Each structure stands twice: as C-alpha cells, then as structure tokens.
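Data block below; observations after.
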Amino acid sequence: MSYTLQLLGDGSDTRDFTFVVDSDNQKGWAWMRLIRIEDNRQRGPDIPRIVNYDPAIHDGKGHYMSHLWRARSSKQHNGPKTYALVGAFGDPGSYIPLTPLVI
C-alpha cells in the first residue's frame, strides 16, 4: 500500500509525495521510502501532471530524497494502520500524517 502527503503551494497548486513502507516494527516505528513526487498545477484538463522524481537521481546514495524517512505507525481498532512522518523536511519537531493512497 502507498501513502501520500499533499503540500499546498501558491494558489491552487499542490505537490504530492508518495511513500511506501520499507520496514515496520512492533513498537510503532517505521521507515518509509519516497517513490514519487508530482506537481499538480492548474495547467489545463488535458495536460498531465509533472513528475519531479527521477529514480536515477533520487535513488542514488547522497541525494537528500534517497534516504529512508522516519515514521510513526498506529493502528485504530478495526481500522487500517496509519503512518505519520516524524522530523521531515528539516523540521525536527514535525509530525505529518500520511493519507493511504487507494488505487
């Protein structure tokens, strides 16, 4: 299953980050792998979204997007497991919930 984070830009533009679980442990900590970045700009109905993630660049050792992202997992009673990025995007105190991506 994939999880997404949508950040708002100027106007109605958004940038979507898609993650998958790389590993998860019993104590509620997980590592997420970033697999896609897309810009959704108001460019017209027939113009595709812009994909800004290139595995040839971003999966290399040293690029800041290629590392695993720390996350906290939780499971609600009778619900799906959810994840939140911890300390992401240079903010050590951040806790950013991810939305399950249903395909």
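The values are calculated or read from the model by the stated rules, or taken from the named source; none is laboratory data. All values derive from a computational prediction rather than experimental measurement. So basically every Cβ, Gly included, is an ideal-geometry build from the backbone, and we count neighbours across all protein chains shown.
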For Met65, which of the numbered conditions (1) modelled with pLDDT of 90 or more; (2) in a loop (DSSP other than H, G, I, E, B) fails to hold? (1)
Tabulated pairs, the stretch 21-33, first under 13 Å from Gly87 (Cα atoms), second of a type in the set (A, V, I, L, M, F, W, C) and not in a strand (DSSP E or B), C-beta under 6 angstrom, 6+ apart or interchain: Trp31/Leu68
